[in-house]
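See below for the structure under consideration.
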Amino acid sequence: MNKKKNKNNVNSNSNLNHDDVSIIPDVVELWKNMYFQSEEMWGKVVKEYITTSSFLNSIEKTRNQLLATYQMNNETLDKLVENNPFASKKDIAGIAELVISVEDKVDNLDYQLLTQMQSMAASIMKLVDFQLQIVDDINSIKTKVDELLIKVDHNDVPRPKRTQVQKKNKVNITDTNS
């Protein structure tokens, strides 16, 4: 029986007039209208306010306060740095430039020292080669003199005697290590 009642109710609702049905407002559309109207009103109010001298005065006061605060902070920082010195970025950059300059100079000195040492080594090697050549030449001359002396001895030609000075200046040519 309950089911019959429900059916009747549904049927009775369908027989209603369209005028009797209440319309549910579109909330999104209402919100959009309210938003745009309030935006327009606030826009007008803000435009009017920023054109007034009171707004300009308040902006100027705010600017002056910010500048005074900035200036006070700078002075405080300067006093702090003056009383407690510490390196700034500029100081560190200057020291870094000096270190790089010193490193370059050390590198240049190292290069110059190396080239001078190589030059000196080459000169010493030439000197040693020249000395060895002289020793070889002296030994060759000594050998030839000895051969001549042997020839002279065979011919029984008297040899001149060496003087005391010649004996003192006699050098052992075969010893090249000293």
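Summary table below
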item: Hits in the stretch 49-96 (condition: small (G, A, S) and under 30 Å from the mean Cα position of the chain (by Cα)); result: A87, S88, A93, G94, A96
item: Residue check for E29: within 52 Å of the chain's Cα centre (by Cα), acidic (D, E) and farther than 30 Å from A87 by Cβ; result: no
item: Set V21, V45: member being of a type in the set (V, I, T) and modelled with pLDDT of 90 or more; result: V45
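The values are calculated or read from the model by the stated rules, or taken from the named source; none is laboratory data. Please read all numbers here as calculations on a predicted model, not as lab measurements. Using ideal geometry, Cβ is built from the backbone for each residue, glycine included, and neighbour counts are taken over all protein chains shown.
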